[in-house]
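The values are calculated or read from the model by the stated rules, or taken from the named source; none is laboratory data. Everything numeric here is computed off the predicted structure, so don't read it as measured data. Cβ placement follows ideal geometry from the backbone for every residue including glycine, while neighbour counts extend to all protein chains displayed. For the accessible areas, the whole protein counts, side chains as well, though only heavy atoms, and no ligand, DNA or RNA atoms are used. Shrake-Rupley method; radii C 1.70, N 1.55, O 1.52, S 1.80 Å.
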Amino acid sequence: MAGHSKWANIKHRKARQDAKRAKVWTKLIRELTVAARLGGASVDDNPRLRAAVDNALSGNMPRDTIDRAIARGAGDGEEGHLDEVTYEGYGPGGVAILVEVMTDNRNRTVAEVRHAFSKFNGNLGTDGSVAYMFERRGELHFEAGVDEEAVMEVALEAGANDVESDDEGNVTVITTFQAFGGVLDAFRSSEMEPAHWEVGMIPSNSVDCDTELTEKVSVLVEALDDLDDVQNVFTNASFNLTKD
């Protein structure tokens, strides 16, 4: 019944990422390095780095690997310069897609991204074509059975923006990008660990996908995510994950 639930989509995405752990670690290290280079090595003063560290820890990356990546970024930058670029486009069914990349060769990367869009029935758009549909924010997700009132109390005291629940009893806490780390700390201090959390570009509205469209969009998203320079792929698709 809940083929379009937010939690189902999150688990689907996480399973895909876990299946490619080596590549995920490469992307996490790259994000740690760039975040430290741009905002400094202190997680207390650098929300982006704090999110990157939490992501790395949740991906079971060893702490010494994290520390080395931060030190590289905060040092003299021995690695080649990486540009951060966001590409925008549409997938099958008019689904909006944002692709965040880090690249040392923009011409190579845009050619690869354009090819993936074209091959799997999408279109690479212009700057601003879909970005307005997304907002960078944090979300903490609790599965059904959690004490919703307790979640709301901790969330609001910690400075979260909103708390939402779905028909299945799953609860989502929404925060600004800057406040996310403090809200996560508050839940951990209260011994209420989220089942999953994320900081990313969250769509303001979603497009419900039937089984056929879910398959088509998933193929495009995975093709983009597999590109070496791609860090993150965000979409406003709400996948139908029920079995026929």
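Might you let me know whether segment 217-226 holds any residue that is at pLDDT 90 or above and under 19 Å from Asn55 (Cα atoms)?
Yes, the conditions are met somewhere in segment 217-226.
Matching residues to (1) crowded, with 18+ Cβ neighbours inside 10 Å; (2) within 21 Å of the chain's Cα centre (by Cα):
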| residue | (1), (2) |
| --- | --- |
| Ser58 | no, yes |
| Met61 | yes, yes |
| His81 | no, no |
| Val85 | no, yes |
| Gly89 | yes, yes |
| Ile97 | yes, yes |
| Ala111 | no, no |
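Looking at segment 29-56, which of its residues are assigned to a helix (DSSP H, G or I) and open to solvent by 20 Å² or more (accessible area, probe 1.4 Å)? Step through it out loud before you land on a result.
From segment 29-56, those assigned to a helix (DSSP H, G or I) are 29-39, 47-56; that's our starting set.
Listed by number, the residues that qualify are Ile29, Arg30, Glu31, Arg37, Leu38, Gly39, Pro47, Arg48, Arg50, Asn55.
Take the conditions assigned to a helix (DSSP H, G or I), in contact with a Gly (Cβ under 8 Å, 6 or more places away or on another chain), under 20 Å from Phe234 (Cα atoms) and not small (Gly, Ala, Ser) and apply them to Arg114. Does it pass?
Details: assigned to a helix (DSSP H, G or I): yes; in contact with a Gly (Cβ under 8 Å, 6 or more places away or on another chain): no; under 20 Å from Phe234 (Cα atoms): yes; not small (Gly, Ala, Ser): yes.
For Arg114, the condition - assigned to a helix (DSSP H, G or I), in contact with a Gly (Cβ under 8 Å, 6 or more places away or on another chain), under 20 Å from Phe234 (Cα atoms) and not small (Gly, Ala, Ser) - is not met.
Output the residues belonging to segment 207-227 that are assigned to a loop (DSSP other than H, G, I, E, B), surrounded by fewer than 17 Cβ atoms within 10 Å (Cβ to Cβ) and either among the hydrophobic types (A, V, I, L, M, F, W, C) or in contact (Cβ under 8 Å) with a residue 40 or more places away in the chain (or both).
Asp226
If I go through segment 130-152 residue by residue, how many of them are assigned to a loop (DSSP other than H, G, I, E, B), farther than 25 Å from Glu31 by Cα and in contact (Cβ under 8 Å) with a residue 12 or more places away in the chain?
So the count comes out to 4.
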